[in-house]
Amino acid sequence: MIKRKALTAFTLICLLIGIVLTGCSSEGSSGDGSASGGKIHLKFMHDWPKGSSPAYFNLVNEIIKDFEAKHKNVKIDVEVLNPDQYRDKIKVLAASNELPDVGLTWSNGFAEPFATGGQFTPLNDIINKDFKDQFVPGTVESYTFDGKSYALPMEMNITYIFYNKEIFKKYHIDVPKTFDELKQAGEVLKKNRVIPATVGSKDGWPASMWFMYLADRIGGPTILTDVINGKVKMTDPAIVKAAQEVQNLVDDGFFVKGNTAFSNDEAKGYFLNEKAAMFLTATWELPNFTTSPDTSKAFKEKVGYFKFPLYEGGKGTDINSYVGGPGLGAFVAENSKHKDVAKDFAAYLVKEWGKRSVEKAGILPATKVNTNGLNVHPMYLDVLKDINEASNVTTWFDTQASPNVSELHHDMMTALFGKQVTPEEFAQKQADALAKEAKK
Amino acid sequence: MKTVMSRKSVIALYVLPSLILVLILIYIPIVLSGYYGLTDWNGVGKMKFIGLDNYITLIHDKLFWTSTWHSILLGLFSVLSLIGYLIVSLILASKLKGSNLLRKIYIIPMLLSSVAIAQLWVKIYDPNNGMINSILTSLGVEHTPLWLADPKIALYAIFLPIVWQYAGFYIIILYAALINVPEELIEAARIDGANAFQIAYKIKIPLISGVLKVLVILAVVGSLKYFDLIYVMTGGGPGHASEVMASYMYKEAFGKFNFGYGSAIGFGLLVISMAATWLIQKFLKTKSDD
């Protein structure tokens with residue numbers, strides 16, 4: 001209420017200062033561009049702030065420094081935002097044709113409007129020249145529209161159930177191989193007043209991981225992708241059954257109480273504080289469970305992971321089928337003034353990232369990793385081995401879907417966990433949205 | 001004649017800078033967002049003009065009206081809370097010992113950023129180890145409420161911190177208005193034998209009615225476009241149970257890339273806010289006229 005006024009006042013003051021300052025600075029900046037030794041300034045934006053992701057931040061800075069050392073005439077100007085702000089700002093920048101020369105983008109539905117809207121430049125030439133057979137299969141495809149690839153993937157994540165080994169041992173629970181065993185494990189934990197699993201279903205996407213795996217196990221590994229491509233309807237009995245099983249778990253008290261009000265981070269807290277025994281999440285959490293100085297050593301030793309159990313009678317019979325996908329990729333802006341240099345930088349960044357990220361930041365890159373002589377926590381070696389042996393990685397449903405359907409999916413997931421919709425309504429509403437989109 | 005003309009141009013010269021700023025920052029964006037509402041636009045690519053389609057969808061959009069109802073509820077709640085603020089301010093203004101200190105205490109929530117307040121209250125409401133439920137459990141309540149996770153109470157659970165957040169602001173304004181009530185009037189009333197309640201009801205409140213009117217408008221309009229705490233605490237959830245107009249607009253525009261439809265919602269919000277302001281002004285005017 002008062003904020004609006006204060007904000008207006010603040011903007012006015014900023015504007016006035018801006019007007020005064022432009023008088024001084026316009027001369028300065030034009031001199032900068034051409035006169036100062038002809039240095040090329042590249043703008044680079046990423047969303048790994050020092051505070052929340054120090055390992056990423058430092059690694060990026062290290063790579064930038066190396067690049068600048070190799071290319072004396074280039075200066076990289078970095079802008080760092082936190083992910084939510086980044087998500088919004090990049091849309092605003094694109095709307096005014098002011099994207100940074102190089103930046104990061106999420107895959108599929110997020111990247112599509114930028115790519116087809118002519119904001120990103122196709123990078124097929126670099127991919128063919130510098131990255132032949134170097135990306136994990138299925139990653140580049142997530143940034144490919146109409147045969148052109150618009151970003152160099154930097155991350156590859158798959159999803160596991162992480163669990164607290166000590167709690168499991170204390171109550172003599174074996175790692176569940178089937179969904180029934182998982183439910184039984186939940187019963188034992190509940191009896192002993194331990195929360196079986198934590199999930200931040202307010203955000204939708206963490207909740208969706210449970211749904212996606214059940215859909216994969218019940219309906220087979222291709223079902224979600226088929227739904228997106230219109231080959232299978234969202235109202236398919238297998239999907240409805242998956243949603244039903246999710247809600248059964250909710251009814252059984254399998255998940256932490258009040259999860260529809262928890263963000264992913266809040267839910268994670270229950271796992272880190274050992275209040276909950278299981279946490280279904282992706283491998284981007286690995287640093288927190290292995291190397292991060294923020295988690296206690298004692299806790300790190302207790303964390304293990306297992307693959308999502310199989311569903312009796314389901315079509316998905318391979319436990320090596322995962323739900324996962326690429327995270328961020330590097331793009332080059334179509335109207336960058338120094339496109340070639342920008343492309344060089346993007347390629348260098350992704351290449352070096354692939355070489356150093358596992359060791360230095362604990363991130364699994366989308367480029368293939370040579371595990372020989374790799375000095376990392378054994379959990380990484382296990383995960384890298386799993387990725388190599390994976391029979392299928394289904395890209396997250398919400399990532400594959402358009403922003404419109406994705407947002408609806410998140411809403412519906414929260415509603416499913418909050419028991420505000422039945423599994424049938426859950427499927428029907430999304431089917432309607434998908435059908436509406438297909439018509440367009 | 002000449003002097004008048006020159007004065008006019010001088011006046012224009014002085015008015016012009018702020019006029020331009022107001023135009024650029026407020027009126028032009030309003031017109032533009034009204035126009036964007038006529039297009040199918042994902043914020044990046046080309047705009048497609050689709051006439052009144054978005055506005056027609058808006059009128060039939062149940063979710064929009066639900067969120068409007070939630071915003072109106074928040075407005076009612078804020079106006080009702082003004083009564084509480086008025087009572088507190090009356091007490092503070094009555095030369096209570098330590099009222100200076102209390103005033104400062106009340107203003108503290110206003111100094112905190114909305115996000116900090118939201119985080120604070122999320123922790124307080126946590127259904128498993130939050131403050132409220134811990135107290136309830138220790139009192140022997142078995143089925144403690146889920147607060148923000150319960151669609152039936154999430155909205156009201158957020159109202160509380162919102163009211164708490166702005167308490168200081170309203171109390172300060174009311175307090176300032178109350179201490180400006182002339183002392184002679186109160187003294188005269190006291191000599192005539194009026195008690196404290198009568199002085200408050202018959203003298204102080206009528207004298208600050210102008211300020212009260214402004215506060216009612218501020219509270220209602222502020223509530224209609226309210227966003228911060230709701231966005232951080234529940235994000236409009238669970239399942240739109242605490243969705244308000246502004247959060248719905250944000251989700252459409254920035255979540256779903258529907259900048260066209262988002263703009264239409266924004267324009268709807270503007271129309272509703274203006275209508276509310278007009279209604280309140282009309283309502284309060286007739287009352288003070290007779």
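The values are calculated or read from the model by the stated rules, or taken from the named source; none is laboratory data. Just so we're clear, the structure is a prediction, and the values are computed from it rather than from any experiment. Backbone-built Cβ (ideal geometry, glycine too); neighbour counts: all protein chains shown.
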Selection within segment B:263-290 - in contact (Cβ under 8 Å) with a residue 24 or more places away in the chain and either farther than 30 Å from residue A:83 by Cα or over 19 Å from the mean Cα position of the chain (by Cα) (or both): B:263, B:264, B:272, B:273, B:276, B:277, B:280, B:281, B:284, B:288
Mind checking which residues of segment B:229-251 are within 8 Å of another protein chain (Cβ to nearest Cβ) and in contact with a Lys or Arg (Cβ under 8 Å, 6 or more places away or on another chain)? B:234, B:235, B:237, B:238, B:241
Let me confirm something: among A:236, A:252, A:265, which residue is touching a residue at least 12 places away in the same chain (Cβ under 8 Å), within 25 Å of residue A:305 (Cβ to Cβ), more than 14 Å from every other protein chain (Cβ to nearest Cβ) and surrounded by fewer than 20 Cβ atoms within 10 Å (Cβ to Cβ)? A:252
One residue is enough: does segment B:191-210 have a residue meeting the conditions β-branched (Val, Ile, Thr), touching a residue at least 40 places away in the same chain (Cβ under 8 Å) and surrounded by fewer than 20 Cβ atoms within 10 Å (Cβ to Cβ)? yes
Pair list, Cβ under 6 Å, 6 or more apart: segment A:280-296 residue closer than 28 Å to residue A:179 by Cβ, other residue at pLDDT below 85 and surrounded by fewer than 16 Cβ atoms within 10 Å (Cβ to Cβ): A:288/A:295
Can you tell me how many residues within segment A:321-335 are assigned to a loop (DSSP other than H, G, I, E, B) and touching a strand residue (DSSP E or B) at 6+ places or on another chain (Cβ under 8 Å)? 3
Hey, does segment A:386-402 have a residue that's in contact with a Ser or Thr (Cβ under 8 Å, 6 or more places away or on another chain) and either over 18 Å from residue A:158 (Cβ atoms) or among the acidic types (Asp, Glu) (or both)? yes
Residue B:200 at pLDDT below 90, assigned to a helix (DSSP H, G or I) and away from every other protein chain (no Cβ under 12 Å): yes
Taking segment A:268-280, which residues are surrounded by fewer than 22 Cβ atoms within 10 Å (Cβ to Cβ) and within 11 Å of chain B (Cβ to nearest Cβ)? A:269, A:273, A:275
I need a count of the residues in segment A:98-122 that are of a type in the set (S, T, N, Q) and either within 8 Å of another protein chain (Cβ to nearest Cβ) or out of contact with any strand residue (DSSP E or B) (no Cβ under 9 Å at 6 or more places or on another chain) (or both). 2
Odd one out for residue B:225, checked against (1) modelled with pLDDT under 90; (2) more than 15 Å from the chain's Cα centre (by Cα): (2)
Do we have residue A:131 as aromatic (Phe, Trp, Tyr), surrounded by fewer than 22 Cβ atoms within 10 Å (Cβ to Cβ), outside the structural domain of residue A:228 (by TED's automatic domain parsing) and out of contact with any Pro (no Cβ under 6 Å at 6 or more places or on another chain) here? yes
From A:414, A:367, grab the single residue that is in contact with a Gly (Cβ under 7 Å, 6 or more places away or on another chain), within 14 Å of chain B (Cβ to nearest Cβ) and touching a residue at least 60 places away in the same chain (Cβ under 8 Å). A:414
For segment A:359-382, how many residues meet the condition of being surrounded by 19 or more Cβ atoms within 10 Å (Cβ to Cβ) and more than 24 Å from residue A:129 (Cα to Cα)? 5
Check segment B:181-189 and report whether any residue there is on the phi < 0 side of the Ramachandran plot, part of a helix (DSSP H, G or I) and at the interface with chain A (Cβ under 9 Å from one of its Cβ atoms). no
Condition first: away from chain B (no Cβ under 14 Å) and touching an Asp or Glu at 6+ places or on another chain (Cβ under 8 Å). Can you find one or more residues in segment A:281-290 that meet it? yes
Kindly list the number of the only condition in (1) away from chain A (no Cβ under 14 Å); (2) of a type in the set (Gly, Ala, Ser); (3) surrounded by fewer than 23 Cβ atoms within 10 Å (Cβ to Cβ) that fails for residue B:264. (3)
State all residues of segment A:135-163 that are closer than 19 Å to residue A:383 by Cβ and assigned to a loop (DSSP other than H, G, I, E, B); if no residue qualifies, say none. A:136, A:137, A:138, A:139, A:154, A:155, A:156
Could you tell me how many of the residues in segment B:125-151 are β-branched (Val, Ile, Thr) and crowded, with 17+ Cβ neighbours inside 10 Å? 1
Looking at this structure, is residue B:9 surrounded by 14 or more Cβ atoms within 10 Å (Cβ to Cβ), part of a helix (DSSP H, G or I) and either more than 11 Å from chain A (Cβ to nearest Cβ) or in contact with a Leu (Cβ under 8 Å, 6 or more places away or on another chain) (or both)? no
Inspect segment B:262-273 for any residue being assigned to a helix (DSSP H, G or I) and modelled with pLDDT under 90 and give the result as yes or no. no
